1. Just the number: Rg to Rh for the range 166-293, Cα atoms, Kirkwood Rh, two decimals.
2. Describe numerically, in nm with one decimal, the distance between label points set 7 Å from Cα along Cα→Cβ at Asp391 and at Ala433.
3. Going by Cα centres, the range 223-262 and the range 160-211 are how many Å apart?
4. Can you tell me which lysines have their Cα less than 16 Å from the Cα of Lys383? Leave out same-chain residues fewer than eight positions away.
5. If I model a spin label at Thr466 and Ser150 as a point 7 Å from the Cα along the Cα→Cβ vector, what separation in nanometres do I get?
6. Could you give the C-alpha radius of gyration of the range 220-332 expressed as a fraction of 2.2 N^0.38 Å, taking N as the number of residues it contains?
7. Looking at the calculated P(r) for the range 82-240, what percent of the C-alpha pair distances fall above 28 Å?
8. Please list the non-local residues whose amide H lies under 5 Å from the amide H of Tyr155, H modeled 1.01 Å from N, same-chain partners needing a gap of 5 or more.
Amino acid sequence: MEKIIDENKQGDSLVLNQNKDNQRKLYIESYGCQMNFSDSEIVASILAKEGFNTTQQMEEADLVLVNTCSIREKAEQTVRKRLEHFNAVKRINPKMKVGVLGCMAERLKSKFLEEEKIVDMVVGPDAYKDLPNLVAEVDEGRDAVNVILSKEETYGDVAPVRLNSNGVSAFVSITRGCDNMCTFCVVPFTRGRERSRDPQSIIEEINDLWERGFREVTLLGQNVDSYLWYGGGLKKDFDKASDMQKATAVNFAGLLDMAATAQPKMRFRFSTSNPQDMTLDVIEAMAKHDNICKYIHLPVQSGSDRILKAMNRLHTRQEYFELIDNIKRIIPDCAISQDMIAGFPTETEEDHQDTLSLMEYVKYDFGFMFAYSERPGTMAARKMDDDVPEDVKKRRLTEIINMQQKHSLYRTQQHIGKVEEVLIEGPSKKSDAHWMGRNTQNTVVVFPKENYKVGEFVNVRIDECTSATLIGEAVGYSDNN
Ligand code: SF4
């Protein structure tokens, strides 16, 4: 593999690892969560061994793949629009093949081929190792489908090809699938049962990233807190494990400890957590290691006990407060972000007020907030009417977003006058004379470039802020550099 500097449409310089002997071109577009972007790097690696190099120019591609998201109706509409666009290009370049990957492929399966004439291949999130066979079928003019979900597959033995990489921060997946059956969520149906990856293969990937100049790793999973390795078995079967397996099992706190110790100068983040599975030892592991960032993404979805129950979220409002209190007690400056759903079936004004008062209690640093979107096949879609009127959903969502905006500014203002360690990721989107990076709390920091470089740890004095960005001036290198 050789390093090639290329540019995407936005003009960002990208580090691509290409094999100069490869003759075919792969164009891959990813939508949805970080897991999908990480999976696309697995796909690029598997196809690199089949003679494909990735290209940023879709028009010149032999194979166009879309890694799809199914979390909301809008996400699927976006994919359909892209397929129409590819259809237009395919008329000019008939040898081009199109495939859909990810959660929408898993949800629709072969129906996709019937619905979308443009699609030649449908591949589910656990079937990427079958891509060489599927591409061969398509090359022979046949449609190809593999949407079999697996209880073992973690792609732990596939070295990802970093796509759209800034060469500084990278994702490393640690679990796949999810066993929680939140009633609004398609993930358990599109990504299957929860399974954890061998910690050795995770540490090897982290060490390899360090050698290649990366300075930050985000450990990824639908639900990282339920990470549990005891030799390859599923978490739900742990009670049947041998005493030796139980004694040597590695849970998420153990994995954080291993990673932070293996590369003490590498920064570590993780996503996504689930309040019902997060344990004190994870928070203590974060406090113990300076190189584990002081930020937790902790979706709650609603502040009402009645709605949490209807969502099958296995914690109460009070238990969530206790977790927040423990986080703030053990790591006082820990930043916390949320996911929130407005207008879940049967949600009353009182439930909505519970959500607002929970937000007032936590004062999140930022959040991802959406109106409820019924997903086919989920428990909520099967058992509950989507009965909250659209205008009510919209009004409640606006109130949630406005409150978050107020709290985000309150949180960023706490940083003014402080000196923060920042890892430089690249140029600021707004000014070429400025670098952007993030502090340990995952807040974006912008400051003049001077002689500092991408990938360096710099101490920045914060002079001003917006609700999303801290603005300051570098005052020297951090000891971590
Ligand atoms: S924890 Fe719930 S919301 Fe998150 S992926 Fe699993 S089922 Fe979906």
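The values are calculated or read from the model by the stated rules, or taken from the named source; none is laboratory data. These figures come from a predicted structure and were not determined experimentally. Cβ sites come from the backbone with ideal geometry, for glycine too, and all protein chains shown count toward neighbours. The accessibility values were calculated without ligands, DNA or RNA, using every heavy atom of the protein model including side chains. Shrake-Rupley method; radii C 1.70, N 1.55, O 1.52, S 1.80 Å.
1. Checking Rg against Rh, the ratio lands at 0.97.
2. 5.0 nm
3. Using only Cα atoms to place each centre, the spacing works out to 15 Å.
4. Lys309
5. If labels sit at Thr466 and Ser150, their model points lie 4.3 nm apart.
6. 1.15
7. Summing the P(r) of the range 82-240 above 28 Å gives 34 percent of all pairs.
8. Here nothing satisfies the definition.
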